[in-house]
1. Within 12 Å, Cβ to Cβ, of Ala173, how many net charges do the neighbouring residues add up to if Lys/Arg are +1 and Asp/Glu are -1?
2. Counting only complete DSSP H runs, which helices of the chain cover 20 Å or more along their long axis at the Cα atoms and score a mean Kyte-Doolittle of -1.0 or above?
3. Place a +1 charge on the Cβ of each Lys and Arg in the chain and a -1 charge on the Cβ of each Asp and Glu, then give the dipole magnitude about the Cα centre in debye, rounded to the nearest 20.
4. Let me know the Rg and Dmax you get for the chain when you use only its Cα atoms, in Å.
5. Classify region 75-166 as rounded, prolate or oblate from the Cα gyration tensor: take a ≥ b ≥ c as the square roots of its eigenvalues, call it rounded if a/c is under 1.5, otherwise prolate when a/b beats b/c and oblate if not.
6. Whole number in Å², please: accessible area per residue of region 105-179, 1.4 Å probe, ligands, DNA and RNA not counted.
7. Given the rule -39500 (n - 2.57) for each run of at least 4 DSSP H residues, summed and divided by the residues of the chain, what is its mean residue ellipticity at 222 nm, to the nearest 500 deg cm²/dmol?
8. Give the distance, in whole Å, between the Cα centre of region 41-96 and the Cα centre of region 99-126.
Amino acid sequence: FDLANQLSILGAENVDRLETGRWTEIDPAVRRRVEELDEILEVAVQARKAWLRATSARQEVAHFRAALDAADAASNLGQRMVQTGNWSKLKQTQVQLTQSLARTTLSRAQYTANQAQFELIDLLKLKDQYSHLLLPDSLPDVPEQLVPPLAWQQRASATQAQLPSAEARHNRANMERALAAYQLTHELVTIARNDVLKVREFIGEETVLHYNGMLASVWDLLDESRNQSQAAIDAIRAQRDFWLADADLQWVLLGGEPENFVSLDGGGESATPAGH
């Protein structure tokens, strides 16, 4: 279909809502005038989710690199201590193993980030024009407070009233799954960001103070640096999962059928199709 023509009918404000994942805010009057809007929305949902995965994967790489930097520093220190006879080769071997694992993990993260970007480019049908896209440094902020469940359910009821009975039942089941994922991922990102990450930052600051006061070793500093990197990565993934759940919820509210719902195994989405 003529995408450019259909988008021009939507208007600039609605196109912005389309691009930023605010599909339920698109003017209903405009929606009735755009014949192919359902198809446009389906592509927008897929693109939004691919963009979230690509952005979060890119964001994670910096923290995996920081973890490798800490492992490299520990390995170099260990080598010097072995040379001066202050450390055993066994301990140095253990540090080298951590370094090797950190290097492998970073390589995998870089590959994942590249693949996520390629998938986004392919989905946008830009692979003949671009090999890379300019992505933001971080994902959008997660709202402090969620829309009350009753408000979502009222909007879902309005959607279901316009569907045939079989589709309405199916939409209700999808709505329950989407809303549950939306609420839980918000809880998890709040814990990861406001509890775990902040505690890790506090421990890191205290470890530096203890080190300066000769109450902690350089090993303590390096270990805590790696811990902070992992906490930051976990927070990024939780943030990504929330926005993936948000995309699914909005799509279901519009009567759509998500291909997958968010999984909490660290992969972002489950392999189980939504439609059963």
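1. Numbers: positive: Arg169, Arg172, Arg177; negative: Glu167, Glu176, Glu257.
Net local charge, Ala173 excluded: 0.
2. Details: long enough: 37-83 (69 Å, -0.11); 89-123 (51 Å, -0.48); 165-190 (37 Å, -0.62); 198-212 (21 Å, -0.57); 218-253 (53 Å, -0.27).
Helices passing the filter in the chain: 37-83, 89-123, 165-190, 198-212, 218-253.
3. Numbers: 27 positive and 38 negative charges, 150 e Å.
The calculation lands at about 720 debye.
4. 23.4, 79
5. Details: a/c = 3.94, a/b = 2.17, b/c = 1.81.
Here region 75-166 falls in the prolate category.
6. Numbers: 5180 Å² over 75 residues.
It amounts to 69 Å² per residue over region 105-179.
7. Taken over the chain, the calculation gives -24500 deg cm²/dmol.
8. 14
The values are calculated or read from the model by the stated rules, or taken from the named source; none is laboratory data. As the structure is a prediction and not an experimental result, all values here were calculated from the model. Every residue, glycine among them, receives a Cβ derived from its backbone with ideal geometry; neighbour counts consider all protein chains shown. Each accessible area value is taken on the protein alone, full model and side chains, heavy atoms only, with ligands, DNA and RNA left out. Shrake-Rupley method; radii C 1.70, N 1.55, O 1.52, S 1.80 Å.
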